[in-house]
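S.K.: Have a look at this one before I ask anything.
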Amino acid sequence: MAGSEAVGDDAWQAPEGSWASSAANRRSMLGNRNRDTSPELALRSLVHAAGFRYRVAAKPLPGMRRTADLVFRPTQVAVFVDGCFWHGCPSHFVPPKTNPDYWRGKIGRNMERDRETDERLAEAGWLVLRFWEHEPVDHCARAVCEAVQSRRSG
């Protein structure tokens with residue numbers, strides 16, 4: 001590691017505008033994946049094994065900056081697997097004790113963006129399926145397969 005982060009947490013100073021309270025916290029948060037998480041991989045595996053094909057981490061609509069975890073373009077089904085921390089799960093989200101104002105705003109904006117994404121896709125005729133990372137993957141996969149099949153034959 002280069003620079004002041006190699007010295008240790010006591011000498012470390014957060015970069016301008018950083019949310020990090022320590023070098024270790026910053027390293028940990030930067031290491032979080034935004035795609036190909038274990039819950040996503042498990043869901044993709046079951047849906048693929050059921051014979052369904054999809055795009056991964058794709059933009060459902062042209063010009064939309066947001067990506068869905070699984071996209072079924074022909075049937076217009078977008079699937080999101082939301083992390084409990086990042087999307088404010090009502091059952092599992094625990095606000096951090098360090099820098100709580102930052103995190104309250106950050107998670108709140110994520111939730112607002114999720115609702116806006118759902119609305120934009122619904123207005124364009126898409127079915128949006130959202131699952132929490134803690135939900136049983138077999139139930140999620142069944143719901144995805146049933147939704148795609150229903151839209152194929154409907």
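The values are calculated or read from the model by the stated rules, or taken from the named source; none is laboratory data. Values in this document were obtained by computation on a predicted structure and should not be read as measured data. Neighbour counts run over all protein chains shown; Cβ positions are idealised from the backbone, glycine included. These area figures cover heavy atoms from the full protein model, side chains too; ligands, DNA and RNA do not enter into them. Shrake-Rupley method; radii C 1.70, N 1.55, O 1.52, S 1.80 Å.
S.K.: Return the pairs, sorted by first residue and then second, in which the second residue is modelled with pLDDT of 95 or more and open to solvent by 80 Å² or more (accessible area, probe 1.4 Å), the first residue lies in the stretch 112-139 and is under 13 Å from residue 76 (Cβ atoms), the beta carbons are less than 8 Å apart, and the residues are 6+ apart or on different chains.
M.R.: 127/151
S.K.: Also, I was wondering about something else. Filter the strands (runs of 3 or more DSSP E) completely within the stretch 51-113 down to those with at least 3 residues that are touching a helix residue (DSSP H, G or I) at 6+ places or on another chain (Cβ under 7 Å) and closer than 23 Å to residue 134 by Cβ. Let's see the steps before the verdict.
M.R.: Working: elements: 55-58, 68-72, 77-82.
Once the strands (runs of 3 or more DSSP E) in the stretch 51-113 are filtered for at least 3 residues that are touching a helix residue (DSSP H, G or I) at 6+ places or on another chain (Cβ under 7 Å) and closer than 23 Å to residue 134 by Cβ, what remains is 77-82.
S.K.: Right, next: Kindly evaluate residue 30 against the criterion of being modelled with pLDDT of 95 or more and out of contact with any Ser or Thr (no Cβ under 8 Å at 6 or more places or on another chain). Walk me through how you get there before you give the answer.
M.R.: Details: modelled with pLDDT of 95 or more: no; out of contact with any Ser or Thr (no Cβ under 8 Å at 6 or more places or on another chain): yes.
It is false that residue 30 is modelled with pLDDT of 95 or more and out of contact with any Ser or Thr (no Cβ under 8 Å at 6 or more places or on another chain).
Each row is one residue, and each column tells you yes or no for (1) at pLDDT below 95; (2) crowded, with 18+ Cβ neighbours inside 10 Å; (3) closer than 30 Å to residue 51 by Cα; (4) out of contact with any Phe, Trp or Tyr (no Cβ under 8 Å at 6 or more places or on another chain).
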| site | (1), (2), (3), (4) |
| --- | --- |
| 86 | yes, no, no, yes |
| 98 | yes, no, no, yes |
| 109 | no, no, no, yes |
| 118 | no, no, yes, yes |
| 123 | no, no, yes, yes |
| 141 | no, yes, yes, yes |
| 148 | no, yes, yes, no |
| 152 | no, no, yes, yes |
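S.K.: Can you say whether residue 142 is touching a residue at least 60 places away in the same chain (Cβ under 8 Å) and either touching a Gly at 6+ places or on another chain (Cβ under 6 Å) or of a type in the set (Lys, Arg) (or both), as far as the supplied structure shows?
M.R.: Numbers: touching a residue at least 60 places away in the same chain (Cβ under 8 Å): no; either touching a Gly at 6+ places or on another chain (Cβ under 6 Å) or of a type in the set (Lys, Arg) (or both): yes.
No, not satisfied.
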